[in-house]
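Just so it is clear, none of the values below were taken in a lab; they were calculated from the coordinates. Since we're looking at a predicted model, the values are computed, not measured. Don't worry about glycine lacking a Cβ; one is built from the backbone with ideal geometry, like all the others, and counts go over all protein chains shown.
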Amino acid sequence: MLEIQGVSKTFHAGTVNEVRSLRDVNLSIDDGSFVVVIGTNGSGKSTLLNAVAGTFFVDTGVIRLGETDLTSWPEHRRAALIGRVFQNPFSGTAPNLTVAENLALAERRGLRRGIGRLLPGGARERIQAGIKELGMGLEGRLDNAIGSLSGGQRQALTLLMATTLRPQLLLLDEHTAALDPRSADQIVRITDRIIARDGLTAMMVTHSMQQAVTYGDRLVMMHRGQVVLDLRGAEKRRLRPEDLLQRFEELRRSDLVDPAVADMLRRRYV
Amino acid sequence: MSLLLGALGIGSVLALLALGIFVSFRIFAFPDMTAEGSVTLGAAVAVAMLVGGHDPVTATVAATVAGALAGALTGVLHTRFRLNGLLAGILVMTALYSINLHIMGRSNLPLGDAPGFARWIGNISARFADADGSVELFGRAASALDLFMFVFAALFAGLVCGLLHLFFHTEIGAAMRATGDNPQMIRALGSNDGFLITAGLALSNALVALAGALLAQYQGFADLQMGIGMLVWGLASVIIGESLTGSNKFGYLLIGAILGSVLFRLLVAVALRWGLDPADLKLVTALFVLIALVAPGYVGKLRARLAGGAAHA
């Protein structure tokens with residue numbers, strides 16, 4: 001279970017560029033839950049994922065995964081528990097290493113790396129079998145530099161790398177946003193299949209309303225660094241893209257009004 | 001013939017330097033100025049210890065370790081204290097200048113009668129040589145010492161190359177290559193990229209210092225100035241090697257660095273024979289590296305423009 005308690009983060013504090021990206025966010029996610037995170041640009045949804053992944057340390061609050069308090073752990077240490085796929089297909093793989101080498105490195109995520117051979121006997125067959133399960137026809141390209149593959153292919157392999165050792169939490173940060181529609185659809189399907197097969201706990205940030213309503217068992221909407229909507233169960237299943245668009249429209253309209261005025265109006269009329 | 005063999009010998013010794021630069025510059029994409037100090041550091045430690053009565057193996061190993069420490073220091077400055085990589089290298093290089101002077105006690109320290117590897121090789125070559133110290137090679141007389149120097153240096157460079165190839169295909173070695181490629185990825189896979197960069201720079205400078213230690217034993221002295229321009233020299237070797245092998249495969253790149261070093265030394269020897277002023281050597285080397293780095297882009301553009309022009313016509 002992931003627990004995010006009272007987490008705040010301000011970037012460039014005390015300067016004109018000050019951005020309060022996360023404001024006292026509280027969220028707890030049950031094991032095996034697949035949470036879709038949506039929100040407007042700059043709403044803090046990616047920042048929330050990065051706070052969990054440890055890209056930066058939060059200003060206040062606690063982040064706990066299972067029994068472990070991760071708040072003060074550096075990024076690479078948290079990676080022992082957390083698998084990640086990034087928005088940029090180039091971020092998750094080492095381009096000059098071969099497909100097999102990239103996956104072999106992922107097979108030791110969070111483990112000690114010694115002076116044993118990276119690809120001992122049998123490793124190639126195991127890796128090949130994993131790649132074959134993706135169903136993208138990449139099993140014959142084990143010895144190609146991964147940089148020679150397309151964005152969609154690299155993203156599929158990154159997904160495999162993030163889940164080849166079962167992570168306690170899988171973080172997907174708009175991992176289909178940079179792909180063409182067909183590849184995006186293919187990757188999100190594979191994602192859903194792997195999450196279901198392994199019973200993973202996952203958070204997926206997306207811009208696609210279609211993905212948001214189709215996938216996951218819970219939906220969280222963020223706005224101005226806070227969670228403004230949290231739907232699960234039957235409510236999540238009934239959700240249609242139009243409902244979400246309407247929510248976004250409401251948020252946009254309330255943004256037109258000064259927050260202090262909005263608060264006053266709410267107290268007087270609601 | 002002796003010009004040729006001499007160039008091949010020094011080229012093979014400096015191949016270790018090229019391998020060191022390959023590790024920092026190509027694997028980690030880190031322009032590591034520390035190398036200029038580590039060459040001298042390796043030479044200074046080796047010669048000072050040999051003069052002090054230690055045996056060549058101990059002296060050379062100590063020189064290599066000293067280089068590793070210098071590289072690790074640059075790595076710590078860069079990864080822990082977030083200094084720009086170039087600046088971290090320059091700081092350590094500058095500090096090493098004083099340290100090297102302290103180790104040597106003066107700006108030029110000759111090996112004198114102290115035994116170095118060169119003496120061992122000299123003893124071996126004497127057994128095969130004629131009375132005047134020459135052997136017959138392809139029908140011509142050649143210095144036996146130069147010949148054996150080259151053979152041993154080339155074998156050693158080949159051995160180091162093989163070990164590096166093995167190392168960079170281990171779990172930790174591959175993680176280092178991945179770090180140079182994409183540090184974000186290796187962090188997401190649970191490894192400390194700062195540590196891997198530091199270890200990589202230590203390895204790189206260990207090789208560079210080893211090259212310095214062997215070079216000093218080869219030429220019979222350590223000199224405070226011997227490191228100047230060595231980074232660019234190593235880069236030139238690496239670049240020549242890449243175009244020689246024309247492959248992106250890791251093993252070929254390693255072999256390319258060795259061949260590039262030998263060929264570059266050979267070119268320099270020929271150019272000097274043809275009347276190149278030794279004072280201009282570093283200028284020419286720098287120009288060469290500049291052209292080698294810049295030209296491929298311009299050639300591509302030119303080709304595209306020519307092709308475009310042809311299409312318009």
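Numbers for the structure displayed
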read-out: Sum of -39500 (n - 2.57) over DSSP H runs of 4+, divided by residues of chain A (222 nm, nearest 500); value: -11500 deg cm²/dmol
read-out: Whole-percent pair-distance distribution, where bins are 10 Å wide, for the alpha carbons of segment A:70-200; value: 12, 45, 36, 7, 0
read-out: Exercise: per-residue mean of other protein chain Cβ atoms within 10 Å, B:174-181; value: 6
read-out: Under-5 Å amide H pairs with B:PHE221, H placed in peptide plane, nonlocal only; value: B:LEU111
read-out: Table column - 3J(HN,Hα) (Hz), segment B:148-155, Karplus curve with 6.51, -1.76, 1.60, x for Gly and Pro; value: 5, 4, 4, 4, 5, 4, 5, 4
read-out: Full-stretch length increase - A:ASP230, A:PHE57 - with 0.36 nm per residue and alpha-carbon distance subtracted; value: 59.8 nm
read-out: Using θ = phi - 60° and Karplus 6.51 cos²θ - 1.76 cosθ + 1.60, couplings along segment B:265-279 (whole Hz; Gly, Pro as x); value: 4, 5, 4, 5, 4, 5, 4, 5, 4, 7, x, 5, 5, x, 5
read-out: Rounded to whole Hz, the Karplus (6.51, -1.76, 1.60) HN-Hα couplings of segment B:69-76, x for glycine and proline; value: 5, 4, x, 4, 4, 4, x, 5
read-out: For chain B: relative contact order, % (alpha-carbon pairs under 8 angstrom, 6 or more apart); value: 35
read-out: DSSP-loop GluC sites (Glu not before Pro) across segment A:161-270, with at most 11 other Cβ within 10 angstrom; value: none
read-out: Dmax and Rg, reported as Rg then Dmax, of chain A (C-alpha, Å); value: 20.0, 73
read-out: Modelled FRET efficiency - R0 30 Å, A:HIS12 with B:LEU83, Cβ distances, 0.05 increments; value: 0.85
read-out: Mean-position separation - Cα centroids, segment B:112-128 and segment B:236-313, in angstrom; value: 36
read-out: Pairwise label distance in nanometres, A:THR68 with A:ARG197, each label 7 Å out on the Cα-Cβ vector; value: 2.4
read-out: Cubic angstrom per residue, convex hull over Cα atoms of segment A:118-270; value: 158
read-out: Charge-dipole axis of the protein assembly as shown as Lys and Arg at +1 and Asp and Glu at -1 on Cβ define it, positive-most pick from B:ALA68, B:LEU14, A:HIS223; value: A:HIS223
read-out: Chain B, helix-only ellipticity at 222 nm - DSSP H runs n ≥ 4, -39,500 (n - 2.57), divided by all residues, nearest 500; value: -25500 deg cm²/dmol
read-out: Relative packing of peptides B:4-16, B:285-297, B:58-70 - highest average C-beta neighbours within 10 Å first; value: B:4-16, B:58-70, B:285-297
read-out: Test item: Cα-centred dipole of chain A, Lys/Arg +1 and Asp/Glu -1 on Cβ, debye; value: 260
read-out: Proximal lysines relative to A:LYS132, as straight alpha-carbon distance under 30 Å, when same-chain residues fewer than 8 apart are discounted; value: B:LYS249
read-out: Cα convex hull of segment B:64-180 - mean projected area over all directions, nm²; value: 11.5
read-out: Cut-off 12 Å between beta-carbons: net charge of the residues surrounding A:ARG64, Lys and Arg +1, Asp and Glu -1; value: -2
read-out: Rg [Å, one decimal], Dmax [Å, integer] - segment B:2-227, C-alpha atoms; value: 18.9, 65
read-out: Chymotrypsin sites (Phe, Trp or Tyr not before Pro) within segment B:76-173, DSSP loop, no more than 15 other Cβ atoms inside 10 Å; value: B:PHE81, B:PHE138
read-out: Only Lys, Arg (+1) and Asp, Glu (-1) charged, at Cβ; the protein assembly as shown dipole about Cα centre in debye; value: 1080
read-out: Relative contact order %, segment B:78-163, counting alpha carbon pairs below 8 Å whose residues are six or more apart; value: 17
read-out: For the protein assembly as shown, with +1 on Lys and Arg beta carbons and -1 on Asp and Glu, the positive-most of B:SER261, A:THR15, B:ALA88 along the dipole; value: A:THR15
read-out: Backbone N within segment B:208-251 under 15 Å of label point (7 Å from B:LEU293 Cα along the Cβ vector); value: B:229-240
read-out: Coil-residue trypsin sites (Lys or Arg not before Pro) of segment A:95-173, DSSP, other Cβ within 10 Å capped at 10; value: A:ARG112
read-out: Spatial separation of Cα centroids for segment A:96-134 and segment A:1-52, in angstrom; value: 33
read-out: Surrounding net charge for A:GLU133, when Lys and Arg each add one and Asp and Glu each subtract one, Cβ distance under 12 Å; value: +2
read-out: Projected label distance in nm at B:ASN248 and B:ALA271, using a 7 Å step from Cα toward the beta-carbon; value: 3.0
read-out: Protection proxy ranking, peptides B:32-39, B:184-191, B:89-96, average beta carbon neighbours within 10 Å, highest first; value: B:32-39, B:184-191, B:89-96
read-out: Eligible lysines near A:LYS9 by straight Cα distance, threshold 22 Å, same-chain separation 8 or greater; value: A:LYS45
read-out: Neighbouring partner chain Cβ atoms per residue of A:75-86, average, 10 Å criterion; value: 4
read-out: Test item: A:103-109 mean partner chain Cβ contacts at 10 Å; value: 4
read-out: Alpha carbon convex hull of the protein assembly as shown, projected area averaged over orientations, nm²; value: 36.9
